[in-house]
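Novice: Encoded as structure tokens, here's the structure I'll be asking about.
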Amino acid sequence: MTLVEETPTTTANKPPAAPTAAREGRRRENLAGYLFMSPWLAGFVLLTAGPMIASLYYAFTDYNLFTPPQWVGFDNFTTMFHDPRWQKSVQVTLTYVVVATPLKLLLALAVALLLAQKRRGQALYRAAFYLPSLIGASVSVGFVWRALFSDHAIVDRTQTVLGLHAGGWIGNPDYVLYALVALTIWQFGAPMVIFLAGLKQVPPELYEAAAIDGAGPLRRFWSITLPTISPVLFFNVLLESIHAFQVFGSAYVVSNTQCGPADATLVYTCYLYQKGFKESQMGFAAAMAWTLVIAVALVTAVLFWSQKKWVHYENETEAAK
Amino acid sequence: MTGNRDRGHEGLGRGDLDRRGLLKVAGGSLAALGLTAAGCGSGGGDGTVSLRYAWWGGEPRTVAIKKTIRLFEKKYPKIKIKPEFADYEAFWEKFQTQASGGNPPDVFQNAVGFLRKYDKRGVLMDLKSQASAGNLSLKNFRNGVLTAGQADGKQLGIPVGANTMALVIDLDVFKKAGVDPKAGWTWDEYWSALRKIHDTQKIAGDTGYFTVMYLYDLYLRQHGRAFYTDTDLGFTQDDLTQWWSDGYKRVKSGIVADPKKIEQVAPKSGLSAGLAAAEFTWDNFSVRYEGEGRSDYGLAPIPTTDGKHTGQYLGSLMLSAFSGTEHPKEAAQFIDFMVHDPEVGKIMGYDRGILATTEQYDAYKPTDRTSKGIAAFEEEVAKAGVLGKITPHPSGADVIEAAFLRIGKEVAQGKSRPSAAAQQFFGEAKAAFAA
């Protein structure tokens, strides 16, 4: 009895038992790892995943935050599609995305091309052009924008000199959205930096070869630069469109929290916010949120599908050879 | 290899920092959390109670209220007050979130548009019970203003001040234009006054009267109706189409300010920004415009339909208590002190309207021109015998007021035809009543 009992204990202390100890150690390490991750995990589950699942449920309910949610099936969605303000918010958001994203990327690419050339003070220029990206989303810049685009301010005066007597943009439902577009274009620094990184990757020997073949600068841009940086362009298009769909802060601040005048800056998220937090229709707001998620997912899917036609990855080209 | 790694860990002292160490750390943080939670609890061991008190308003109001809180804490050393404040819109967004989580402030500023909304949701205490328990006096309220805090047989708020709607005017412009508004003047006289101001002073007459829900309410009252019945709107879609069509015509003719310009000066008023010479709003707003604008501002009578009846009534800011507060008695004592104590009246002045109780009204003697103007205005209105009774608003009135303003501005901008706008408004009102 004693012998039998002793055997495992003694063996445990001998070399053959090392793997068990190692496994034990690994388990401890895993546990420690999860414990260290736990603040993030708890945050993710409690503050992101949980609320998302809850909001999916609320999207199918009538919920005013006070009385328990009532299941209404697809009612929120049908009401939403027939709601003229919802339609307006979709129209405003699409206009914003379609106008602002290409213009911003065009400017970012143009400036990146200029800054890719070696010249004195290069770092300074880069920093200067990047700066608006850092501060552009702040509330104070929103206020500055309000001032810039009001009557008799700089924009109004400039356009008057050019013969355009339109007055300030902020109070004018026909123009105010373009003040927001200008605000986001001004923040072209972030995609510019990504373009710059992409431009660095273009092999210089391609340009040399093309120059020998007699290709001009435009030709070189179309046939070498653009195809080579197309993955970077794709990434920027994707990122900027997704961002543009979710615009909120600038519309909220520039319009003095009303997303107006006359709903002219009623971007999607602003209407969502009004429905949820001002009109206590949380079910409707949740339905709106999920519709946006699906719409953005669709746009992303279309972009991914389209990249087969115009995005060139280096390894693919080599594989094709 | 494995042995090496293990030893390496030992060497670093990792062996001690595994489960037990981590659990200790975790336990420590939990304990700390527990302590914080205990610290947040509202009952101290020595019988001290703490109450959260929230209000909206500008800086001067906050400074004054904090003074009154110190006064209260001196008199009731066992009750501590934690102040919370924000501007109007932020206040109600925060309040809604807190209240839905069962955690609203114990005592808070309130207004007629929110009484039924939050009573329906079970948030408001019926203060009658506290009054009969002797913790709160409902006596000495002036001109029956106490009714402003009542709905469906309950006392849901205790008024701190009385306001009436008024026409706030730019005194300089009116004088220069030679317009002298008299009690009982008619709408036609008002429109021709605006015309005269526009033609002689080259600024608009009115900032945008037809987007103000409380003014349309007065207009309807002059015709024997009101903006709200107990559960619905008190007018038809055709009425509103007419009201907005007329408004739009007056924008086009220039006697009502260009909405594009009004929009640009927000959150300042078009009146204090010098874009127009008159604005319909609550009389205590003249205090704000006096600080904001360059001109001098005064109060003029509401135009009438029949030469006498303005449709006015006493509105009020009030204090309400949370139905689920842990300290109903102390909350009631606090409200009682805030509405009856003469010193509090002296500190607050007419910031929230003319002081509601005789104790405070008698204690405060206005010295500045604006406050004197408000007092004189309300006295005249009361003497004229035109004050009607306030009707409690149905649940959803706050959302409807915002929609009335927003859609009215769309009409003003020419972005919505009055008939389509009225239809949109009725649709949104229906949803707001149901929410």
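Please treat every number below as a calculation from the coordinates, not as lab data. Note that this is a predicted model, so its numbers are computed, not measured. Because the Cβ atoms are built from the backbone with ideal geometry, glycine has one as well, and the counts that use them run over all protein chains shown.
Novice: Which lysines does B:Lys372 reach when only Cα atoms under 21 Å apart count, and residues fewer than 8 places away in its own chain are ignored?
Specialist: Cα-Cα hits under 21 Å: B:Lys175, B:Lys182, B:Lys346, B:Lys383.
Novice: Shielding of A:60-67 by partners, i.e. mean partner chain Cβ atoms within 10 Å per residue?
Specialist: The mean count of partner-chain Cβ atoms within 10 Å per residue comes to 4.
Novice: Just round it to a whole percent: the fraction of Cα-Cα distances in segment B:311-424 exceeding 16 Å.
Specialist: The proportion of pairs with Cα distances above 16 Å equals 74 percent.
Novice: While we're here: Determine, from the Cβ-Cβ distance of A:Asp213 and A:Phe36 and an R0 of 41 Å, the FRET efficiency 1/(1 + (r/R0)^6), rounded to the nearest 0.05.
Specialist: E(calc), rounded to 0.05, equals 0.10.
Novice: Here's a follow-up. Picking from A:Ile135, A:Ile212, A:Ile294, which is most flexible by a Gaussian network model of chain A using Cα springs under 10 Å?
Specialist: Between A:Ile135, A:Ile212, A:Ile294, it is A:Ile212 that shows the largest mean-square fluctuation.
Novice: What number results when the radius of gyration of segment A:20-71, computed over Cα atoms, is divided by 2.2 N^0.38 Å?
Specialist: Cα Rg divided by the expected 2.2 N^0.38 Å: 1.91.
Novice: 222 nm [θ] for chain A, helices only, -39500 (n - 2.57) per DSSP H run of 4+, per residue, to 500?
Specialist: Calculated mean residue ellipticity at 222 nm is -22000 deg cm²/dmol.
Novice: Hey, another quick one. Taking 7 Å along the Cα-to-C-beta vector as the label spot, tell me the B:Lys252-A:Leu298 distance in nanometres, rounded to one decimal.
Specialist: Label-label distance for B:Lys252 and A:Leu298, simple model: 4.0 nm.
Novice: Now for a different question. Per residue of A:259-266, what is the mean number of Cβ atoms on other protein chains within 10 angstrom of that residue's Cβ?
Specialist: Per residue, the number of nearby Cβ atoms from other chains is 6 on average.
Novice: Translational D (Stokes-Einstein, µm²/s) of chain B at 37 °C and 0.692 mPa s when Rh comes from the Kirkwood sum over C-alpha pairs?
Specialist: Value of D from the Cα-based Kirkwood radius: 136 µm²/s.
Novice: Express the relative contact order of chain B as a whole percentage, based on alpha carbon pairs under 8 Å and six or more residues apart in sequence.
Specialist: About 24 percent, as a whole number.
Novice: A further question follows. B:Thr48 to B:Lys128: FRET efficiency via 1/(1 + (r/R0)^6), r the Cβ-Cβ distance, R0 25 Å, to the nearest 0.05?
Specialist: Working from the Cβ atoms, E equals 0.35.
Novice: Can you sort B:Arg61, A:Arg23 so the residue with the fewest Cβ neighbours within 10 Å comes first?
Specialist: A:Arg23, B:Arg61
Novice: Continuing with the same structure: Would you calculate the separation in nanometres between label points at A:Asp75 and B:Asp230, each defined as 7 Å from the Cα along the Cα-to-beta-carbon direction?
Specialist: Spacing of the two 7 Å Cα→Cβ label points: 2.5 nm.
Novice: Checking the cross-link filter: which aspartates and glutamates have an alpha carbon closer than 20 Å to that of B:Lys252, excluding same-chain neighbours under 8 positions apart?
Specialist: Cα-Cα hits under 20 Å: A:Asp151, A:Asp174, B:Asp188, B:Glu189, B:Asp199, B:Asp206, B:Glu263, B:Glu279, B:Glu410.
Novice: If N is the number of residues in the protein assembly as shown, what value comes out of its Cα radius of gyration divided by 2.2 N^0.38 Å?
Specialist: 1.21
Novice: Under 12 Å between alpha carbons, and skipping anything fewer than 8 positions from A:Lys104 in its own chain: which aspartates and glutamates qualify?
Specialist: Qualifying aspartates and glutamates at Cα under 12 Å: A:Glu240.
Novice: Gaussian network model of chain A, Cα springs within a sub-10 Å range: biggest mean-square fluctuation belongs to which of A:Tyr34, A:Tyr178, A:Tyr125?
Specialist: Judging by the Gaussian network model, the answer is A:Tyr34.
Novice: Per q in 0.09, 0.11, 0.16 1/Å, what log10 I(q)/I(0) does a Debye calculation on the alpha-carbon atoms of segment A:76-320 return?
Specialist: -0.50, -0.71, -1.18
Novice: Further question: Which value in nm describes the separation of the simple spin-label points at B:Asn143 and B:Glu292, placed 7 Å from the Cα toward the beta carbon?
Specialist: Between B:Asn143 and B:Glu292, the label points sit 2.3 nm apart.
Novice: Which residue fluctuates the most in chain A, going by a Gaussian network model with Cα springs under 10 Å, if the choices are A:Trp145, A:Trp222, A:Trp169?
Specialist: Comparing A:Trp145, A:Trp222, A:Trp169 in a Gaussian network model of chain A, the most mobile one is A:Trp222.
Novice: Whole angstrom only: what separates the Cα centroid of segment B:304-340 from the Cα centroid of segment B:86-132?
Specialist: 12
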